Amino acid sequence: MYPDRVVSGMRPTGAMHLGHYHGALKNWVTMQSELPCLFFVADWHALTTHYDDPSIIETSTWDMLVDWLAAGVDPSQATLFIQSKVPEHAELHLLMSMATPLGWLERVPTYKDQQEKLADRDLSTYGFLGYPLLQAADVLIYRASMVPVGDDQVPHIEMMRELARRFNHLYGKEKGFEQKAQAAVKKLGSKRAKLYAELRSEYQEQGKAEALEQAKAMLDDIQNLSMIDRERLFGYLEGSRKLILVEPQVRLTESSRLTGLDGQKMSKSYGNSIALREEKDVLVKKIRTMPTDPARVRRTDAGDPGRCPVWQLHQVYSDDATREWVANGCRSAGIGCLECKQPVIDGILKEQEPMRERAQQYLDDPSLVRAIIADGCEKARKLAQETMRDVREAMGLSYS
Ligand code: SF4
């Protein structure tokens, strides 16, 4: 089996807000210490919907990267890169497009959704129709085992899995595969080779799924096996094809728990967001002027936290005792709204403090971010090139 790997990308939206932090970046920071992670700026994806306005892509990319680093994404643990700097993504996208049925792309739920949502743009383009395929190439090129996504993105991952399966089915037929697989079996040593053969026939002849799992686990435990032999042995267990692309698994992430200043989903375009590194004065003003329960016209009017967007921020930034103080104080008019908002202001400032510190070094010396990205692009490219070698060979394009 190929090594576990997580791949995730974000369109370059410029400076990030706290909704991005709670919705995605916090997850990235957790995952980077658990598994090898590749995080990329999806600049080509920005063009699928904003092809007529590319002017902000570059600035937005660098601003966003500073925010990733500020949030705690650590380049010594994760690989950070820019999609267009690894042109192999485009090559795989093109090659997969040859065998991707149009219907698969047209049925992706977000295709029609986005066209309706972004009705002011002409999205009847080839690039927009093909964006889920480009997304698939972004992931499959690293043979990622896992992709962190929210509920709404699950159909995209399902399609990636179907595309990988179709690709392996069409092109995984290696010349002399049977002989090469049998030669690999011999390399297991006689005891393991015997067990491998028994488990393989138990699975293939009697359909015992546990035999397949046992054989896979045995192969996983063997250290001194080349990657290519390992893949042949995995493929041989199930049939007579090599696994060239890996079907990624979904890692469901919690959708953002952070709402905007008006209680709706936090979004720059709704004008209700708090920037990840918002200036202190601006932040204080934004929270102090946040709408509250409309019933609390005067300080002496009792309110209901359930009708107040400030209460939603307390869910993220306050402990149980503070929340109890808010709930009782609001319902009895025992506290005023400004008083109630102070713990939220304190909580956000506390969260932002280390982010500001981390960001400062990159703002003082932007060449540091450039160097991190140059290094990440090189690492990512190496991995992508390994996959592309196999893909080209499988599709009869190796010209060796
Ligand atoms: S006291 Fe707090 S929860 Fe109640 S309305 Fe005012 S800001 Fe909202």
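Every number in this text was worked out from the coordinates using simple rules, so none of it is lab data. Only a predicted model underlies this, so the values are computations on that prediction, with no experimental measurement involved. Methodologically, a virtual Cβ is constructed for each residue, glycine included, from the backbone with ideal geometry; neighbour enumeration extends over all protein chains shown.
Dividing the convex hull volume of the alpha carbon atoms of segment 73-136 by its residue count gives 131 Å³ per residue.
Counting Cα-Cα pairs of segment 240-291 in 10 Å increments starting at 0 gives whole-percent bin shares of 19, 35, 15, 12, 11, 6, 2. Cross-link partners of residue 194 among lysines, defined as those whose alpha carbon lies under 19 angstrom from its own and excluding same-chain residues fewer than eight positions apart: 180, 186, 208, 216.
Taking the three principal axes of the alpha carbon atoms in segment 1-66, the coordinate ranges are 41, 30, 17 Å, sorted in descending order.
According to the calculation over all Cα-Cα pairs in segment 1-121, the P(r) per 5 Å bin from zero is 2, 9, 16, 18, 20, 17, 12, 5, 1, 0 %.
With N set to the residue count of segment 308-356, report its C-alpha Rg divided by 2.2 N^0.38 Å to two decimal places. Write out the running numbers ahead of the final one.
Values: Rg = 11.2 Å, N = 49, 2.2 N^0.38 = 9.7 Å.
For segment 308-356, the normalised Cα radius of gyration comes out at 1.16.
If you wrap a convex hull around the Cα atoms of segment 177-216, how much volume per residue is inside, in Å³?
Details: hull volume 2.5 nm³, N = 40.
Normalising the Cα hull of segment 177-216 by residue number yields 63 Å³.
Solvent-free Debye calculation, one equal scatterer per alpha-carbon of segment 153-277: log10 I(q)/I(0) at 0.11, 0.16 Å⁻¹ equals -0.54, -0.83.
Size of segment 117-219 from its Cα atoms: along the principal axes, largest to smallest, the extents are 66, 31, 23 Å. Other residues with beta-carbon under 13 Å from the beta-carbon of residue 250 carry, at +1 per Lys or Arg and -1 per Asp or Glu, a net charge of -2.
Can you tell me which of 140-147, 338-345 comes out highest on packing, and rank the rest after it, using the mean Cβ neighbours within 10 Å?
Working: 140-147: 23.9, 338-345: 17.6.
The most tightly packed comes first, giving 140-147, 338-345.
For the chain, the convex hull drawn through the C-alpha positions has a volume of 181 cubic angstrom per residue.
Scanning residues 5 or more positions from residue 146 or on other chains, those with amide H under 5 Å from its amide H are 5, 7, 249, with H placed 1.01 Å from N in the peptide plane. In a simple Cβ point-charge model (Lys, Arg +1; Asp, Glu -1; nothing else charged), the chain has a dipole of about 680 debye relative to its Cα centre. Each 5 Å bin from zero up to the one holding the largest Cα-Cα distance in segment 346-400 carries the following percent of pairs: 4, 16, 12, 11, 11, 10, 9, 8, 7, 6, 3, 2, 0. Please report the net charge: other residues with Cβ closer than 13 Å to the Cβ of residue 331, K and R +1, D and E -1. Summing Lys/Arg as +1 and Asp/Glu as -1 gives -1.
Stretch residue 363-residue 183 to full length: gain in nm at 0.36 nm per residue minus the Cα-Cα span? Could the numbers behind the result be given before it?
Details: separation 180, 0.36 × 180 = 64.80 nm, distance 5.59 nm.
That works out to 59.2 nm of additional length.
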